[in-house]
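The values are calculated or read from the model by the stated rules, or taken from the named source; none is laboratory data. Just so it is clear, the model here is predicted, and its values are computed rather than measured. A quick note on method: Cβ atoms are made from the backbone with ideal geometry, for glycine too, and the neighbour counts reach across all protein chains shown. The protein model used for the area step is the full one, side chains on, heavy atoms only, and it has no ligands, DNA or RNA in it. Shrake-Rupley method; radii C 1.70, N 1.55, O 1.52, S 1.80 Å.
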There are 2 protein chains.
Amino acid sequence: MMQIKRRKTRVVRIGRISIGGGNPVAVQSMAKVKTSRVEEVLRQVRDLASAGCEIVRVAVKDEADARAIKAIKKSIDMPLVADIHFSHRLALLAVESGADKIRLNPGNVHKTEEVVAIARACRLHRVPIRVGLNSGSLKTLKMGGGKRRLARGKGLSDIMVKEALDYLKILEKESFYNIVLSLKGSHLIDTISAYRKMSRYCDYPFHLGVTASGLPEDGAVKSSIAIGALLLEGIGDTIRVSLSAPPAEEVRVARSILQSVGLRSFGYEIISCPTCGRCEVDLISKLRELKAGLEGLGVSSSGRPVSIALMGCVVNGPGEAREADIAVAFGAKEGLLFKKGKPFGKVTFRDSVAVLLRELKAIGCSGLRR
Amino acid sequence: MMQIKRRKTRVVRIGRISIGGGNPVAVQSMAKVKTSRVEEVLRQVRDLASAGCEIVRVAVKDEADARAIKAIKKSIDMPLVADIHFSHRLALLAVESGADKIRLNPGNVHKTEEVVAIARACRLHRVPIRVGLNSGSLKTLKMGGGKRRLARGKGLSDIMVKEALDYLKILEKESFYNIVLSLKGSHLIDTISAYRKMSRYCDYPFHLGVTASGLPEDGAVKSSIAIGALLLEGIGDTIRVSLSAPPAEEVRVARSILQSVGLRSFGYEIISCPTCGRCEVDLISKLRELKAGLEGLGVSSSGRPVSIALMGCVVNGPGEAREADIAVAFGAKEGLLFKKGKPFGKVTFRDSVAVLLRELKAIGCSGLRR
């Protein structure tokens, strides 16, 4: 398989996780309850952790939220990012409370002296800043009708890049380089274009995402295309899939993206055919049984995903089975078991998943997990 | 928004649908029941049609399947493709039965005289052929151990391109050019790479897809990245999202991909935030209510999707609302309605979706549909 040549970026440490500089692309998400409700936040962080989230962000809307970071940090070891809008005072408070990273929105925290104050506090506490632009809150687009139309005509990606560069100047003038960047549009082409352009101007690690991408059924598609296309070009050091859905769903999609492009491995990968008029077994029910069985096997972290093929007929069945670590290619009533590409006798449809799970344990996959 | 510059391809007619040559990228799927069970096939085709499928394929496993095409064709107007493996005789029978396109797998129908016979029959009936390669059934990879490893070492995409070119030679020697091509791998990087390479060698329209991509939760991600990346590069004339799921789900994802990259428009697009600790309303329940309401509005085909934004707070809410055709940006208890980017007064959380739907009808979106 072709390898992705990743863009060279600086290393930025967010608590115990490093991104950039060739580190694994980290998965992040957000808690979706008010940050001052510490118990509820902790419950969501636990869900996120078991889904595979590696960095969690919390919204800091008021002083209570900023102060709650201290209590939250005591109970979690997942790096925590404070999401700041409008108020530089809340940013300073979040840094003091122990946030591992500060996200600033250049669209609403942009007074030079305020940004400078935050940069100084962040340097003191060795806390990185994400310069996080969103198409929905660009400074340029807050202007009145005619001016706004004119600006929009320039192209959203150019506006985002320009606003990002202006902001970086303020930070760099303070010799502050502990920076992560994001340029999220609500349309994927704007988003891809903004990141591509920005990648020519700096070596800061990029946080990838599409903003306001909607319900998971469409948001997952949109995010997969944009984030996937950029990752395939080597762009991206941490990703967040924004979905109008519970946060664990964002993590599931993020991991699926990273594994699909071959940048991370999360236990296993299932290869299975879509079924068609040739298929004589209820393959989809077997796949669900397999997946449930895999969940039960626990947790691991192998070098590459174990590939498991479950195929419905003789057209591509034996071929895909030969390429997988373990597989069953079904015929009419029974299937042929393959291990490391070699046929190993017949299995009945009924027993097939039990056999696969037993074999997976035997080849050392006692801990698989997605 | 950046425009996609599409690869120049020949026009190929599949029944009443033309692909290639700048025609809209067509959505296709497969019936997933035995083709000779005509009533069941017709039920699935009706489901597919109402999901938005434009071309349907059926597996031809035996003579009964090939003959059933005649009966199926009598009851549907969706172009029908016969999926042929192993038997050139079944291909000939499918053409006689009125199939609108024949899909041949070069991995298992490759004797020159057989391919020639099919090409002649197809020319006579003006039926195009899809040369459909799958990584699971490549000729080269059917060789024994050592030879196979050697071939695999060359890279799957090179093998696919070579086998495709060899096959094209047979058809072109017969002056047969009524061809669509596909080169589907079960890994997305192989798939992208094969299509990219092949695009340099010919101007036949491409049918895009990732084979055996698995259950919808991962298969949709994998397919979105591969198909999306290629479409963004201008490659692709018809797409099929293979999922181990009911066929209508494949169509839903396919349409979402096409609309996300801006190549097709299917009624509406929802822009909504992922919600976070700032959001004080249950946005996700409102989004579900909105979606249900939109389904009820009927069918349309406008030039571009109507964008509807439903945003949970003041950070990106007003900004995204200004860019959408119609929107509500929520605050604590009520929201601000926007039409064509301009604020139009407050709405309560409870009434917000009803107001949106009423306004959508008023601006002429009496027929929205996804």
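Values as computed for the structure displayed
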read-out	value
Nearest-to-axis residue of chain A, judged by beta-carbon position, where the axis maps A onto B, in Å	A:S224, 2
Contact order normalised by residue count of the range A:1-126, Cα under 8 Å, 6+ apart, percent	20 percent
Cα shape, the range B:232-370, gyration tensor, a/c 1.5 rule	prolate
Spin-label model distance (nm) - A:R89 vs A:K147, 7 Å beyond Cα toward Cβ	2.7 nm
Partner lysines for B:K169 [C-alpha distance under 25 Å; skip if fewer than 8 residues away on the same chain]	B:K8, B:K101, B:K111, B:K139, B:K142, B:K147, B:K154, B:K184, B:K197
For residues of A:206-219, the mean tally of beta carbons on other chains within 10 Å	6
For the range A:1-122, size of Cβ-based charge dipole, Lys and Arg +1, Asp and Glu -1, in debye	480 debye
Electrostatic dipole magnitude of the protein assembly as shown [Cβ: Lys, Arg +1; Asp, Glu -1; Cα centre; debye, to 20]	1280 debye
Separation between Cα centres of the range A:324-367 and the range A:68-113, rounded to whole Å	50 Å
Rounded, prolate or oblate (a/c below 1.5 giving rounded, otherwise prolate when a/b exceeds b/c) for the range B:236-275 by Cα gyration tensor	oblate
Charge dipole (the protein assembly as shown, unit charges on Cβ, about Cα centre) - positive-most of A:Y201, A:N108, B:V41	A:Y201
Shape of the range A:203-276, Cα gyration tensor, a/c cut at 1.5	oblate
Lysines whose Cα lies under 18 Å from that of A:K333, excluding same-chain neighbours fewer than 8 positions away	A:K286, A:K346, B:K32, B:K34, B:K61
Residue-averaged [θ]222 nm for chain A, counting only DSSP H segments that reach four residues, each worth -39500 (n - 2.57)	-12500 deg cm²/dmol
Share of carbon and sulfur in the accessible heavy-atom surface of the range A:1-68 [1.4 Å probe, %]	49 percent
15 Å cut-off, amide nitrogen to a point 7 angstrom out along A:A64 Cα→Cβ, residues in the range B:318-354	B:332
Tilt relative to chain B, helix B:63-75 - C-alpha long axis, 0 to 90 degrees, to 10	40 degrees
Area hidden from solvent between A and B (accessible, protein heavy atoms only, 1.4 Å, total, Å²)	6800 Å²
Loop chymotrypsin sites (Phe, Trp or Tyr not before Pro), the range B:176-283, which have at most 11 other Cβ atoms in a 10 Å radius of their Cβ (DSSP)	none
Trypsin sites (Lys or Arg not before Pro) within the range A:137-209: DSSP coil, no more than 15 neighbouring Cβ in 10 Å	A:K154, A:R200
Antiparallel DSSP beta bridges within chain A, percent to nearest 5	25 percent
Per residue accessible area in Å² of the range B:237-344, where ligands, DNA and RNA are left out and the probe is 1.4 Å	32 Å²
Shielding by partners, peptide A:55-67 (average Cβ within 10 angstrom, other chains)	2
Accessible surface of the range B:137-243 [probe 1.4 Å, protein heavy atoms]: carbon and sulfur percent	52 percent
Accessible surface of the range B:272-343, 1.4 Å probe, proportion on carbon and sulfur as whole %	56 percent
Karplus-derived 3J(HN,Hα), 6.51/-1.76/1.60, for each residue of the range B:135-144, Hz, glycine and proline x	4, x, 9, 6, 4, 4, 7, 8, 5, x
Probe 1.4 Å, accessible area per residue of the range B:77-118, Å²	30 Å²
Net charge of Cβ neighbours under 14 Å - reference B:V353; Lys, Arg +1; Asp, Glu -1	0
Contact order relative to length of chain A, as percent, for alpha carbon pairs under 8 angstrom and 6 or more apart	14 percent
